[in-house]
Amino acid sequence: MLDVTTLRKDFPVLERQVHGRPLVYLDSAATSQTPQQVLDAVDGYYTRYCANVHRGVHALAEEATAAFEHARGRVAQFLRADVRGVVFTKNATEAFNLIAYSWVPSNMGPGDVLLVTQMEHHANLVPWQLVQQQVGFDIEYVPVTGDGRLDLDVFDEIVGRGKVKLLAVTAMSNVVGTINPVASMAERVRAVRDDAVVVVDGAQSVPHMPTDMAALGADFLCASGHKMLGPTGVGVLAARPELLERMPPFLGGGEMIADVTMQGSTFNEVPYKFEAGTPPIAEAIGLGAAVDYLDGLGMDNVRAHEERLIGACIAALTGIDGVTVHGPHDPAVRGAAMSFAIDGLHPHDIGTIMDREGVAVRAGHHCAKPLVRSLGAVATTRASFYVYNTADDVAALARGIEITKEFFGGRMVR
Amino acid sequence: MTEDLYHDIILDHYRAPRNRAPELENADVRVHHNNPLCGDELDLRLRVDNGEVPVIDAVVYDGEGCSISMASASAMTEAVIGRELSDAEDLARDFRAMMHGEPVGREDDLLDGIAFSGVAKFPVRVKCALLGWMALRDAIATFEQGADSNRVTHEETPL
């Protein structure tokens, strides 16, 4: 069980006020707050051993390289991934683009199907659409049911046609919180076609529940540093190293080469082949510290804490007249990102009044327009919870909704 | 600061909209404006008294959107009905200037529209307040070109 009262002291920002009220931060699905331990790790790099990595023989360069590679090792352990397959990117979006521009053109062509779902974040949709124009495969979508789950009957039907060469699916929805049965979907895809690969969007699942890349059946797993207590500017692509070895480079430049002549270049071994130029050194070291912090809490404890909170939150909100909670209501099958609607009110109005009360929620389409459309909406209000949130925050959200309803109350019903 | 955004007059137009209707008898023009990034949808219908100097005889709006966009459209209708087309366009330009924090020349003519001056402090909401006025200008332009309908999608910075 998490000792939330104690761990909150690790997050300096939680002491601040917003519009004269204590901050209630419910937007961790967009960006999580940063503990002092991560700030110290970033600060330590800049104040004691700031140097470029993998170059130079001086002490600072060696220390920086050791810390950077240590962080890679910690991330690999955290994801139960092979360290040779862990590539630092600038964000999860770049990790998807790396796969789209490196793996897809040399492995897919006309007649192949790239299967995604209607639940995906735009980062797991747009790169495939862009590369489709160059390569000419087909993109098919697994639809979402009314209660925010994937329609697995349609999934089975599409996979059964034998054309799916790549499945790209999120492990946890950033809009409605649904946890998808990624492992069984991966197994099904491979049973039909053994050369198929599975790309898992772990941006929401990795920060909030234990991750085991092999158990997920993932060939590629994408994650984001700033959603898991780490700094912005760093993301992760974890891949099976043998796949990376057969893939052409994505970005060219320094660091990723073995030799360069005027005639051409040969490339470094993996994962360095995919880290062109100076990587996000301080950010990766900070991410390593975030992983240490989360491991210290225990990811089973993190998941149990959030399951309790989201259960209490859904119970509180469904008891308020005029409020609809989107997605599954059973906390056992969902994460702690939750979209809701208040009858007759636009999310931007809800978000503004909530902000006045010190409650930070997200209003908009959450970079997942196909999913939001399936809810019959153009935008939703989203509250998302993390390790530092408490039952008091759930109460503040419920109170904020009542205040918002009252503020706009008396609107003529048409 | 929130009070600058949700002025009492704005809330009044949101709760009790003026000239909000799905149809307008003998309308000359219908325009539909939407902003896909925040999901606002606005229908505007215009009827022109086409005498020697064309005058706005009636204007109604309908749609879905945040309180600022719907209330601003409501206040706009009251400010422009009975005005010559060119005069209404001039007033729309004045409202736009106000939304960009510039001095307002026709404060009194904007009627309740003046209550939206505080929205200028909330850059992401300015486009909401402008939606109805942009639709009006488009409806007038459409009428002057001899057409009877138009659709416009506003691409704006995502929130």
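If you take each beta carbon of peptide B:67-80 and count the beta carbons of other chains within 10 angstrom, what is the mean?
Mean partner-chain Cβ count within 10 Å for B:67-80: 1.
Is the range A:136-287 best put as rounded, prolate or oblate by its Cα gyration tensor, with a ≥ b ≥ c the root eigenvalues, rounded for a/c under 1.5, and otherwise prolate when a/b is larger than b/c, oblate when not? Numbers along the way, then the final one.
Working: a/c = 2.65, a/b = 1.46, b/c = 1.82.
Because a/c hits 1.5 or more and a/b fails to exceed b/c, the range A:136-287 counts as oblate.
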Relative contact order in percent for chain A (Cα pairs under 8 Å, 6+ apart) equals 23 percent
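What average number of partner chain Cβ atoms lie no more than 10 Å from the Cβ of the residues making up B:34-40? Please report the intermediate quantities before stating the final value.
On the way: counts 1, 1, 3, 5, 8, 12, 4.
Per-residue shielding by partner chains comes out at 5.
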With axes computed from alpha carbons, what is the tilt in degrees of helix B:67-80 against the longest principal axis of chain B, rounded to the nearest 10 within 0 to 90?
40 degrees
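Just to be sure I understand: of the beta bridges DSSP finds with both ends in the range A:135-223, what percent are antiparallel, rounded to 5? Write out the running numbers ahead of the final one.
Details: 2 of 10 bridges.
Of the beta bridges lying entirely in the range A:135-223, close to 20 percent run antiparallel.
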Using +1 at the Cβ of each Lys and Arg and -1 at the Cβ of each Asp and Glu in the protein assembly as shown, identify which of A:Tyr386, B:Ser86, A:Tyr25 lies farthest towards the dipole's positive end.
A:Tyr386
Phi angles of the range A:202-216, converted by Karplus (6.51 cos²θ - 1.76 cosθ + 1.60, θ = phi - 60°) into ³J(HN,Hα) in whole Hz with x for Gly and Pro, give x, 4, 9, 7, 4, x, 10, 7, x, 10, 9, 4, 5, 5, 6
Using θ = phi - 60° and the Karplus curve 6.51 cos²θ - 1.76 cosθ + 1.60, what whole-Hz ³J(HN,Hα) does each residue of the range B:34-45 get, with Gly and Pro shown as x?
9, 10, x, 6, 10, x, 6, 10, 9, 9, 10, 10
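Quick check on the range A:39-295: take the gyration tensor over C-alpha atoms, sort the square-rooted eigenvalues as a ≥ b ≥ c, and tell me if it's rounded (a/c under 1.5), prolate or oblate.
On the way: a/c = 2.41, a/b = 1.47, b/c = 1.64.
Verdict is oblate for the range A:39-295.
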Quick query: amide H of A:Val86 versus all other amide H atoms, modeled in the peptide plane; which residues come in under 5 Å with a sequence gap of 5 or more or a different chain?
A:Ala239
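For the protein assembly as shown, what is the percent of antiparallel DSSP beta bridges, rounded to the nearest 5?
Working: 44 of 69 bridges.
Here the share of antiparallel DSSP bridges comes out near 65 percent.
Would you tell me the mean number of C-beta atoms belonging to other protein chains that fall within 10 Å of each C-beta in A:343-349, as a whole number? Display every interim value, and only then the final one.
Details: counts 0, 0, 2, 11, 4, 12, 11.
Average neighbour count from other chains, rounded to a whole number: 6.
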If amide H atoms are built 1.01 Å from N in the plane of the peptide, which residues on other chains or at least 5 residues away come under 5 Å of the amide H of A:Arg334?
A:Ile179
Residue separation times 0.36 nm, minus the C-alpha to C-alpha distance between A:Val192 and A:Tyr46: what's the value?
47.5 nm
Tell me, what is the percent relative contact order of the range B:2-149, built from C-alpha pairs under 8 Å that lie six or more residues apart?
28 percent
By how many degrees, between 0 and 90 and to the nearest 10, does the Cα long axis of helix A:182-192 differ from the longest principal axis of chain A?
50 degrees
Just order B:128-140, A:284-296, A:254-266 by mean Cβ neighbour count inside 10 Å, highest at the front, would you?
B:128-140, A:284-296, A:254-266
Rounded to the nearest 10 degrees, the helix A:126-135 long axis (Cα) sits at an angle to the longest Cα principal axis of chain A of 40 degrees
The range B:114-159 to the range A:89-152: how many Å between their Cα centroids?
35 Å
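What share of the DSSP beta bridges in the range A:39-295 is antiparallel, in percent to the nearest 5? Let's see the in-between values first.
Working: 14 of 30 bridges.
Expressed as a percentage, antiparallel bridges in the range A:39-295 total about 45.
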Could you please state, rounded to a whole Å, how far the C-alpha centre of the range B:44-77 is from the C-alpha centre of the range A:297-354?
39 Å
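On full extension of the chain, what length is gained from A:Arg16 through A:Arg373, given 0.36 nm per residue of separation minus the C-alpha to C-alpha distance?
Values: separation 357, 0.36 × 357 = 128.52 nm, distance 3.58 nm.
Between A:Arg16 and A:Arg373, full extension yields 124.9 nm more.
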Karplus (6.51, -1.76, 1.60) ³J(HN,Hα), θ = phi - 60°, over the range A:9-14, in Hz, Gly and Pro reported as x
5, 6, 10, x, 5, 5
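None of the figures in this text is laboratory data; all of them are computed from the coordinates on show. Note that this is a predicted model, so its numbers are computed, not measured. Here the Cβ is made from the backbone with ideal geometry for all residues, glycine too, and neighbour counts use every protein chain on show.
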